[in-house]
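Here's the structure we're looking at; comments come further down.
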Amino acid sequence: MEEQEQKKQPVKLPENAYRELKEGEEYKPVMPAEASVLEVTPWSVGMGLLMAVIFSAAAAYSGLKIGQVFEAAIPISIIAVGASAAFRKKGALGQNVIIQSIGASSGVIVAGAVFTIPGLYILQAKYPEIQVNFWQIFFSSLLGGFLGILFLIPFRKYFVKDMHGKLPFPEATATTEILMTGEKGGNQAKLLVLSGLIGGLFDFCFSAFRLWSEEINTRIISAGAVLADKFKMVLKFNVSALIFSFGYLVGLRFALIITVGSLLSWLVFVPLVNEIGALTAAAGGGINPFAAMSAEQIFAAYVRPIGIGAIAMAGIIGIIKSSGVIGSAFKLAVGGKGKGQSEEATTERTQKDLKMSFVMLFLFLTLVAVFIFLIIGVKVTLLQAIVALLTITIISFLFTTVAANAIAIVGSNPVSGMTLMTLILSSVILVSVGLSGWQGMVSGLIIGGIVCTALSMAGGFVTDLKVGYWLGTTPIKQETFKFLGTLVSAATVGAVIFILNEAYGFVATETHPNPMIAPQANAMAAIIEPLMSGQGAQWMLLSIGAVIAILVNWLGVSPLAFALGMFIPLQLNTPLVVGGLLNHWFNKSSKNAKLNNARHQRAILIASGFIAGAALFGVIGALIIFITGKSDVLDLKVWSDPSGTGAQVMAIIAFLSLIGFFIWESFKAKETD
């Protein structure tokens, strides 16, 4: 651990940081290769682990509540820079990269876990034989994370150095710029914390104190009540600070795509199902079977499967579009590995990786651990464990570089589509070796969880390594301490998912009338159940969704965003449009492009704070429910009906006040910011 002080770093990245290098030209990072820099210190490791715990909990909550896992790397970078400035840390740049690298394990581990593991709880409601415990969640996340790190290390040089300037790395670019902001980042960190407190307390006021309703719907007016009862048409809106903030971050285009998908389900398909029932009853002289059902019941029974089919087809479309990348990734995996070994003996600090001998040994030990976990934790036979291990190894290895490439090119990871393909492939393979029924479902979802986490980790870790390359940190230190961040994040995610299931559940029951949505896990469970149980699925409804995804893709619209909108309840999608409209307005709010950009960047910071704060307070609320065993322990009993008309009117006033703060604070930005 070095204690030498480094010279003051330049305030800007080199001119050739983002462009392709000319022949014979070299990229010289901000911290030169020959310099001794502070990186791994008690401060950087401690802060990194703290960020891993906090953002793992927050990301897990948001992912399970609304199906969106926010990216942790950027807010962690802001906090790292601000904290280092506040405590006047010397040599802060290298340490901040380590903080960001360890802490960012949170988002990628969460993305792997929440897409699959809650599916075990969802299926448990139908198959009580299924037993879910903390260790299943922990080890699937931990081992998947380790595989992602180990499979990516041999390709670090290719992605971050050989492809310099050829791959844009949008997320890594944003993170690097934040880490370079210096003292300016200290002020950003203060705003992030303030926004976090406001967003968290706002959501806590309705979720715990019940000062106003969480949801507004058109039933509070007489015309809306008639439409809902007679025609099954209802509009809903969730006032959470977390959801509209996501709308700001995804922008108006994606917010509209998601919401239009939701409106298709709720304003077209739900009323259509009811009308078909009415026409059938009129023709046959019977009774409309849907007349006694609410719009929500029709959605859950008949329309949500259409959304699941659309999500599945959107994932397949994503894989087909990535077929060229998969082919090149396979060639890279076969041909690039030996190249990495031959160039191992580099003396340059900024190109020093973990030794390939260690990588291969640790990979072998990780695969042995996966094998033992499958036999003991999943309870399969020796042959089934071997087949499952081979499935995990081959798919993770082939798709790891695909995930890294996707992050490097567009900043988003097609992990859900690849995981869906993994579930289908593994189900077919496992059934062929006699593993079916509820045990097959558990095995398939655990395999999916390991692979999903590996792919998510590979995409996230290549971002960390590119940031380190631009700034001049030591790769071997990032690689070593990424394992520690993965360990802590996996433990946190395991605990949070366990607590959220106890507090809210993932399936609607008398005990948990308003469960966490967990859209991706619901889709995975719905796909694997018929494959493993031999039961008939709602193939016609699933097929309708698949056709819709294909048609939407032909129109040049993101099929996955549209499909998620069809599946996720309406009230969790409509607020996205508010955030998207604010994003559009801020970027056009004046004729001064620099001022508009400053307002937009400040709004991104506030939205990130709202999301992190609301998610963290949500976890705190779940923990209180878990400890006390009472869902209304903090209810101030302001309203006799916490979702009645009065509470909804109060919710409108509170939400407009929150939007007012968001606009007012964002417009404080100056052109020079």
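The values are calculated or read from the model by the stated rules, or taken from the named source; none is laboratory data. This structure is a prediction, so every number in the text was calculated from the model and none was measured. Every residue, glycine among them, receives a Cβ derived from its backbone with ideal geometry; neighbour counts consider all protein chains shown. These accessible areas exclude ligands, DNA and RNA; they are computed on the full protein's heavy atoms, side chains included. Shrake-Rupley method; radii C 1.70, N 1.55, O 1.52, S 1.80 Å.
Somewhere in the stretch 538-550, is a residue surrounded by fewer than 20 Cβ atoms within 10 Å (Cβ to Cβ) and closer than 30 Å to Gln188 by Cα?
No - not one qualifying residue is present in the stretch 538-550.
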TODO: Identify the single condition in (1) of a type in the set (Gly, Ala, Ser); (2) surrounded by fewer than 18 Cβ atoms within 10 Å (Cβ to Cβ); (3) more than 30 Å from Lys22 (Cα to Cα) that Gly165 does not satisfy, given that it satisfies every other one.
DONE: (3)
TODO: Would you mention how many residues in the stretch 657-672 are open to solvent by 80 Å² or more (accessible area, probe 1.4 Å) and within 16 Å of Gly609 (Cβ to Cβ)?
DONE: 2
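Taking the condition of being assigned to a helix (DSSP H, G or I), closer than 19 Å to Gly63 by Cβ and not β-branched (Val, Ile, Thr), how many residues in the stretch 571-611 meet it?
If we filter the stretch 571-611 for residues that are assigned to a helix (DSSP H, G or I), which is where we start, we get 571-572, 574-586, 593-611.
Narrowing the set further to residues that are closer than 19 Å to Gly63 by Cβ leaves 571-572, 575-576, 579, 607-611.
The next check asks that each one be not β-branched (Val, Ile, Thr); those that pass are 571-572, 575-576, 579, 607-610.
Looking only at that region, the number is 9.
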- [ ] Give me the pairs, please: first residue somewhere in the stretch 164-177 and in contact (Cβ under 8 Å) with a residue 60 or more places away in the chain, second residue anywhere and among the small types (Gly, Ala, Ser), beta-carbon distance under 6 Å, and either six or more positions apart or on two chains.
- [x] Leu167/Ala408; Phe169/Ala408; Pro170/Gly411; Glu171/Gly411; Thr175/Ala73; Thr175/Ser77
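Please return the ranges of helices (runs of 4 or more DSSP H) entirely within the stretch 255-324 where 1 or more residues are farther than 23 Å from Leu542 by Cβ and modelled with pLDDT under 85.
Correct list: 270-284.
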Task: Residues that are of a type outside the set (Gly, Ala, Ser) and either closer than 14 Å to Ile429 by Cα or open to solvent by less than 20 Å² (accessible area, probe 1.4 Å) (or both), drawn from the stretch 382-392 - done: Leu383, Gln384, Ile386, Val387, Leu389, Leu390, Thr391, Ile392
Open item on the list: Of everything in the stretch 476-492, what is of a type in the set (Val, Ile, Thr) and open to solvent by 30 Å² or more (accessible area, probe 1.4 Å)? Give them in sequence order.
Closed with: Ile476, Thr480, Val488
TODO: Specify which of the listed residues (Gly444, Gly468) is more than 17 Å from Arg349 (Cβ to Cβ) and crowded, with 24+ Cβ neighbours inside 10 Å.
DONE: Gly444
Task: Subset of the stretch 507-520 that is within 25 Å of Ala546 (Cα to Cα) and surrounded by fewer than 24 Cβ atoms within 10 Å (Cβ to Cβ) - its residue that is farthest from the chain's Cα centre (by Cα) - done: Val507
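A quick yes/no check of all residues on (1) more than 18 Å from the chain's Cα centre (by Cα); (2) under 22 Å from Phe139 (Cα atoms):
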| residue | (1), (2) |
| --- | --- |
| Leu423 | yes, yes |
| Gly444 | yes, yes |
| Ala458 | no, yes |
| Gly472 | yes, no |
| Ile476 | yes, no |
TODO: Could you tell me which of the residues Ala622, Ala654 is aliphatic (A, V, I, L, M), assigned to a helix (DSSP H, G or I) and surrounded by 20 or more Cβ atoms within 10 Å (Cβ to Cβ)?
DONE: Ala622
Open item on the list: Here's a check for you: in the stretch 20-32, which residue that is touching a residue at least 12 places away in the same chain (Cβ under 8 Å) and surrounded by fewer than 16 Cβ atoms within 10 Å (Cβ to Cβ) is nearest to the chain's Cα centre (by Cα)?
Closed with: Glu20
TODO: List the helices (runs of 4 or more DSSP H) that sit entirely inside the stretch 93-191 and contain at least 1 residues that are small (Gly, Ala, Ser) and at positive phi.
DONE: none
Open item on the list: Looking at the stretch 588-605, I want the residues that are hydroxyl-bearing (Ser, Thr, Tyr) and have a partner that is open to solvent by less than 60 Å² (accessible area, probe 1.4 Å) with Cβ atoms under 7 Å, at least 6 apart or on another chain. Which pairs are those?
Closed with: Ser589/Asn596; Ser589/Arg599; Ser590/Asn596
Task: Pair list, Cβ < 8 Å and 6+ apart or interchain, from the stretch 34-56 residues that are among the acidic types (Asp, Glu) to residues that are assigned to a helix (DSSP H, G or I) and open to solvent by 20 Å² or more (accessible area, probe 1.4 Å) - done: Glu34/Arg349; Glu39/Lys477
Open item on the list: Any residue at all in the stretch 509-519 that's in a helix (DSSP H, G or I), out of contact with any His (no Cβ under 7 Å at 6 or more places or on another chain) and either more than 30 Å from Gly440 (Cβ to Cβ) or touching a residue at least 24 places away in the same chain (Cβ under 8 Å) (or both)?
Closed with: yes
Open item on the list: Here are the criteria: (1) modelled with pLDDT under 90; (2) surrounded by 20 or more Cβ atoms within 10 Å (Cβ to Cβ); (3) over 18 Å from the mean Cα position of the chain (by Cα). Tell me which single one Ala523 does not satisfy.
Closed with: (3)
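Just checking, which of Ser558, Ser533, Ser590 is among the small types (Gly, Ala, Ser) and at pLDDT 85 or above?
Selected residue: Ser590, the only one of Ser558, Ser533, Ser590 that is among the small types (Gly, Ala, Ser) and at pLDDT 85 or above.
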Task: Qualifying positions in the stretch 36-52 - crowded, with 16+ Cβ neighbours inside 10 Å and assigned to a loop (DSSP other than H, G, I, E, B) - done: Val37, Leu38, Glu39, Val40, Thr41
TODO: Scan the stretch 216-232 and give yes if some residue there is over 30 Å from Ile76 (Cα atoms), aromatic (Phe, Trp, Tyr) and at pLDDT below 95, otherwise no.
DONE: yes
TODO: Please go through the stretch 83-92 and pick out each residue that is assigned to a helix (DSSP H, G or I) and surrounded by fewer than 24 Cβ atoms within 10 Å (Cβ to Cβ).
DONE: Ala83, Ala85, Ala86
